[in-house]
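Notes follow once the structure below has been shown.
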Amino acid sequence: MITIQDLWKDYNGKTALRNVDLEIKEGEIFGLLGPNGSGKSTLMKTIIGMIRPTKGNVRVNGVDPSENDIEVKKMVGFVPESPQLYESLSPKEFFEFIGSVRGIHANSLERVEKLIDAFEIWDDVNSDIGSLSFGMRQKVSIIATLIHNPKVLILDECMNGLDPKSVRVLKEFLNSFSKKGGTVVYSTHVLEVAEKMCDRVAILRKGNVEAVGSVEELRDILKSQSLEDIFFKVTEEEDFEPIIRALEETL
Ligand code: ADP
Ligand code: MG
């Protein structure tokens, strides 16, 4: 469903992605795992055509997002790290607005109501988005992303700030979405989430894909028990000592 070949992205000479090769299959829940600044968001934005790669190829269901981002956006739903919502609209008005922008009318209303049910936001559906809790706003952005019935969902750290129940609802939703053939790309720096949810994960470090595989495969390769061990082995988090010493000196 998503093919990435020799992808590079430089921001003003600073390399955020280097030589990324990935194949993400239809129906797969694929995790992008890596510490802050490892390139997860840049990779996601490149997949949907928000960012042009410096070099390399991306195809979403055969379409090149840097040539036809509109076609890609029809197939993909993207929840960014900090979604921009209209504070003075209610969720219901926001969904209607998104529906109209997407050219979707009456037939989507039933879908929207099912989503409102599934994510249990009925109580807040007529309040201003500006007055909603962080978790509730996350749910609103996720529902808005699903209105056009995308084949692919790209979720940038979207479990952050969700209460445990919402996390479960979202996990179950993503499972049934993928069972029906939907593809999910999910970024997180929370290892547990990736471990429980993803069919395969790619571990990113400084814009490099350091390892790709199922959690079991990565375990075999690296002979460690939990994804946390694998994560730290692969990313070999920088020597913390100098940072800690500098902090101690400041204090
Ligand atoms: P992650 O999502 O894994 O935290 P990002 O993709 O946001 O990583 O960032 C990867 C690297 O690219 C970081 O070093 C970050 O500072 C840099 N970066 C991201 N966006 C920009 C931008 N718009 N301009 C310049 N540098 C950026
Ligand atoms: Mg990010």
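The values are calculated or read from the model by the stated rules, or taken from the named source; none is laboratory data. Computed from a prediction, not measured in an experiment: that's the story for all the values here. Neighbour counts run over all protein chains shown; Cβ positions are idealised from the backbone, glycine included. Calculation scope for accessible area: heavy atoms of the full protein, side chains included, ligands and nucleic acids excluded. Shrake-Rupley method; radii C 1.70, N 1.55, O 1.52, S 1.80 Å.
Within the group Arg168, Arg137, which residue is in contact (Cβ under 8 Å) with a residue 12 or more places away in the chain and in a helix (DSSP H, G or I)? Give the steps one after another, and end with the answer.
Details: Arg168 fails: in contact (Cβ under 8 Å) with a residue 12 or more places away in the chain.
Exactly one of Arg168, Arg137 is in contact (Cβ under 8 Å) with a residue 12 or more places away in the chain and in a helix (DSSP H, G or I), namely Arg137.
In the stretch 116-131, what residues are open to solvent by 20 Å² or more (accessible area, probe 1.4 Å) and without any contact (Cβ under 8 Å) to a residue 40 or more places away in the chain? Of everything in the stretch 116-131, those that are open to solvent by 20 Å² or more (accessible area, probe 1.4 Å) and without any contact (Cβ under 8 Å) to a residue 40 or more places away in the chain turn out to be Asp117, Trp122, Asp123, Asp124, Asn126, Ser127, Ser131.
Tell me which of these Ser187 doesn't satisfy, since it passes every other one: (1) part of a loop (DSSP other than H, G, I, E, B); (2) modelled with pLDDT of 80 or more; (3) of a type in the set (Gly, Ala, Ser); (4) touching a helix residue (DSSP H, G or I) at 6+ places or on another chain (Cβ under 9 Å). Just one mismatch for Ser187, condition (1). So is Leu22 in a strand (DSSP E or B) and in contact (Cβ under 8 Å) with a residue 60 or more places away in the chain or not? In short, yes. For the stretch 190-207, enumerate the residues that are more than 10 Å from ligand 1 (Cβ to nearest atom) and touching a helix residue (DSSP H, G or I) at 6+ places or on another chain (Cβ under 7 Å). Passing the criteria: Leu191, Ala194, Glu195, Met197, Val201, Ile203. Selection over the stretch 56-93 of residues that are without any contact (Cβ under 8 Å) to a residue 40 or more places away in the chain, part of a helix (DSSP H, G or I) and under 21 Å from the mean Cα position of the chain (by Cα) gives a count of 5. Restricting attention to the stretch 49-62, which residues are open to solvent by 10 Å² or more (accessible area, probe 1.4 Å) and either closer than 24 Å to Gly27 by Cβ or more than 9 Å from ligand 1 (Cβ to nearest atom) (or both)? Gly49, Met50, Arg52, Pro53, Thr54, Lys55, Gly56, Asn57, Arg59, Asn61, Gly62, listed by residue number. If you go through the stretch 18-47 and keep only what is more than 14 Å from ligand 2 (Cβ to nearest atom) and either under 13 Å from Gln5 (Cα atoms) or modelled with pLDDT under 95 (or both), you end up with Arg18, Asn19, Val20, Asp21, Leu22, Glu23, Ile24. One residue stands out among those in the stretch 1-17 that are open to solvent by 70 Å² or more (accessible area, probe 1.4 Å) and near ligand 1 (Cβ under 8 Å from one of its atoms): the one that is farthest from Ser38 (Cα to Cα), which is Asn12.
Within the stretch 33-43, restricting attention to residues that are crowded, with 19+ Cβ neighbours inside 10 Å and within 8 Å of ligand 1 (Cβ to nearest atom), the residue that is farthest from the chain's Cα centre (by Cα) is Ser38.
Have a look at Pro91, Pro83 and point out the one that is within 16 Å of ligand 2 (Cβ to nearest atom) and within 22 Å of Asn160 (Cα to Cα). Even if it seems obvious, please write down each step before you answer.
On the way: Pro91 fails: within 16 Å of ligand 2 (Cβ to nearest atom).
Criteria check complete, one pass: Pro83.
For the stretch 198-214, the set of residues classified as surrounded by fewer than 18 Cβ atoms within 10 Å (Cβ to Cβ) and among the small types (Gly, Ala, Ser) consists of Gly213, Ser214, listed by residue number.
Sub-7 Å Cβ pairs linking a first residue in the stretch 35-46 that is free of Cβ contacts under 8 Å to residues at least 60 places away in the same chain to a second residue that is of a type outside the set (A, V, I, L, M) and assigned to a loop (DSSP other than H, G, I, E, B), at least 6 apart or interchain, are Thr46/Pro53, ordered by first then second residue.
Take Asn12 and tell me if it is away from ligand 2 (no atom under 16 Å from the Cβ), modelled with pLDDT under 95 and not hydrophobic (A, V, I, L, M, F, W, C).
Yes, satisfied.
Checking each residue in the stretch 137-160 for being closer than 27 Å to Gly39 by Cα and either within 16 Å of ligand 1 (Cβ to nearest atom) or more than 17 Å from the chain's Cα centre (by Cα) (or both) picks out Ile154, Leu155, Asp156, Glu157, Cys158, Met159, Asn160. For the stretch 50-78, a residue qualifies if it is basic (Lys, Arg) and either touching a His at 6+ places or on another chain (Cβ under 6 Å) or under 13 Å from Ile154 (Cβ atoms) (or both), and exactly one does: Lys73.
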